[in-house]
């Protein structure tokens, strides 16, 4: 079987995941075609993962498939978008059938789980790298931006923070403990908060996904919204596993480490008070937006170092 | 200046190229947002260029900037789409200021020339590679597919073929002749036939851009449309420069070599007869679609080898 046939065999099923959706033409023509319903805006984001930078060469291809789509889809969650489809630009040193099969398996599981159908792509030879562009839809003007946070808004985060960052310490563990397995799973299979993002559309004034660390990502909201904030260390949602593994340092992981792909959003107090309890249960209030610029942690100013980490992709390590 | 600031400085102007366009939110948030007018379909395609595979390390960054966007935009031309915006996933070993400046200059010239505004992107560290996704719009249902060719349709191509392929022989030339310079310019600065593509929307039953070579790309139309074709060697449009450089072999370049990014389309005879002469002047009739499967060149069957070259990205060399 030729290499093209091999790739086709493993990826074409990902283009047929759904019944009715907004994709009119999928892979196989010069372009894909998507129908954007009247009254909806198209929301899209592209993310690249490079071997040796974002993942080791030995990284399990099925995990890589899931993670790469999850990381990209998380940006849709942060905008409150309903996921529709994605493109995959895959660069491979060779067409290794086992690798392709496993990668496509993980990618396909993620695609099905997130509701994203493969719209098209490009496969080239070269050092292993992937760029994925995800597409979503929002009602016209309803996307959640980073720039809408206002003084008095509550700052909330979903799930727990710091798990995936702590997992980096156990990637090589031969027989990980239950707690280590928990944080490793959080790293390998992040769950973009797509349903939550859509629910936040009518409540949140601003949102971002926590990919670079809470301080850095909240910093992006503050900068885009021209506001400041106070947050409290004791309020940070930390998993029992992370607490057991890292003790007092657990909160530092929650503040600084990325890769959790939880959402951080700002919500006016009145909206929060009226929010359904099913939504509140998924979120933790960690602080409040203030008019005074800068970020304060338990009352003490947090240096701008946090912004630099998040902004500068060239300094990112993972 | 930090690396992020450097990149921002050179790329942000590309996000402000246009006045009114369909981009509601550009770079800087979790996602970009595009408004797709009611009655229009979104058309999109992603292409990757990798150093050492698609271009040499020493390739001029301003040429690379132009070429990378031209190659991607050519897919929009093939669908008859009006270009709107693009995303850039750029992987760089280091943030070399001169390289970035020159690359952004070439990319910016292309963006302005093609009418494509930068919508967003991702910059990562790693071996030099680029993935670009281009977006365009077509009236609902009006995109030109590969699958619409019907027996009796005339086969036309735009411009001249083979120039860019011949240019590969002169890439290292220290003082190229005028003819060599002509074909080199065709290679370095391909012009996606965007205006022509839009004009073909109401005439063509099928279209593709010639990126892998005429035989391979026409083969894709034949396969997608379940038809065959006869073409004539003597009708192939070849530039005077290519004729002088390659003599009798010029037509072989026109048949086999890619990188010209001209359009190949099929048009019913009646439509062709009624087409405006300004359009006809940009096109050359090279053959006709037939119901008998396969591709015939001057009456002799062309082997399926042609298809394989085009289909199998892993075999592409340039």
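Considering the convex hull of the alpha carbon atoms of the stretch B:191-280, report its projected area averaged over all viewing directions, in nm², one decimal. Before the final figure, lay out each step's value.
Working: hull surface 25.5 nm².
Averaging across all directions leaves 6.4 nm² for the Cα convex hull.
With an 8 Å cut-off on Cα pairs and a minimum separation of 6 or more residues, tell me the relative contact order of the stretch A:119-204 in percent. Please list the in-between numbers first.
Working: 26 pairs, mean separation 25.7, N = 86.
About 30 percent, as a whole number.
Give me D for the stretch B:153-199 in µm² s⁻¹, whole number, from Stokes-Einstein with Rh from the Kirkwood sum over alpha-carbon pairs, 10 °C and 1.306 mPa s.
Details: Rh = 12.1 Å.
In µm²/s, the coefficient rounds to 131.
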Given bins 5 angstrom wide, list per bin the percent of all Cα-Cα distances in the stretch A:108-220, short to long.
2, 8, 15, 16, 18, 17, 13, 7, 3, 1, 0
Taking Cα atoms only, helix A:97-114 is inclined relative to the longest principal axis of chain A by an angle, in degrees rounded to 10, of 50
Taking just the C-alpha trace of the stretch B:73-118, give me its Rg and Dmax in Å.
12.6, 38
Residue with peak Gaussian network fluctuation, chain B [Cα springs, cutoff 10 Å], from B:226, B:175, B:131
B:175
Across peptide B:117-128, what mean number of C-beta atoms from other chains lies inside 10 Å of a residue's C-beta?
6
7 Å along Cα→Cβ for the label point: how many nanometres lie between residue B:109 and each equivalent label in the other copies, listed shortest first?
4.9
Over all viewing directions the Cα convex hull of the protein assembly as shown casts an average projected area in nm² of 28.9
Partner shielding of B:45-54, taken as the mean number of other chain Cβ atoms within 10 Å, equals 6
Take every residue in peptide A:104-110, count the Cβ atoms of other chains within 10 Å of its Cβ, and give the average of those counts.
0
Based on alpha-carbon positions alone, could you give the equivalent ellipsoid semi-axes of chain A from the gyration tensor, as √(5λ), descending, whole Å?
33, 24, 16
Kirkwood Rh and Cα-based Rg: tell me the resulting Rg over Rh for the stretch B:45-194, rounded to two decimals.
1.00
The stretch A:66-114 to the stretch A:208-253: how many Å between their Cα centroids?
27
Compute the acute angle (0 to 90°) between the alpha-carbon long axis of helix B:214-225 and the principal axis of greatest extent of the alpha-carbon atoms of chain B; round to the nearest 10°.
80
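Just need the relative contact order of chain B here, percent rounded to a whole number, with Cα pairs under 8 Å and 6+ apart. Don't jump to the answer; show the numbers that get you there.
Working: 704 pairs, mean separation 70.5, N = 318.
22 percent.
Which value, in Å to one decimal place, does the Kirkwood hydrodynamic radius take for the stretch A:154-311 when every pair of different Cα atoms is included? Show your work: numbers first, answer last.
Details: mean 1/r = 0.0631 Å⁻¹.
Result for the stretch A:154-311, one decimal place: 15.8 Å.
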Relative to chain A, whose Cα atoms define the longest principal axis, helix A:61-79 and its Cα axis are tilted in degrees, nearest 10, by 50
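The numbers here are math on the coordinates, done by the rules we state, and not lab data. Please read these numbers as outputs of a predicted model, since none were measured by experiment. Every residue, glycine among them, receives a Cβ derived from its backbone with ideal geometry; neighbour counts consider all protein chains shown.
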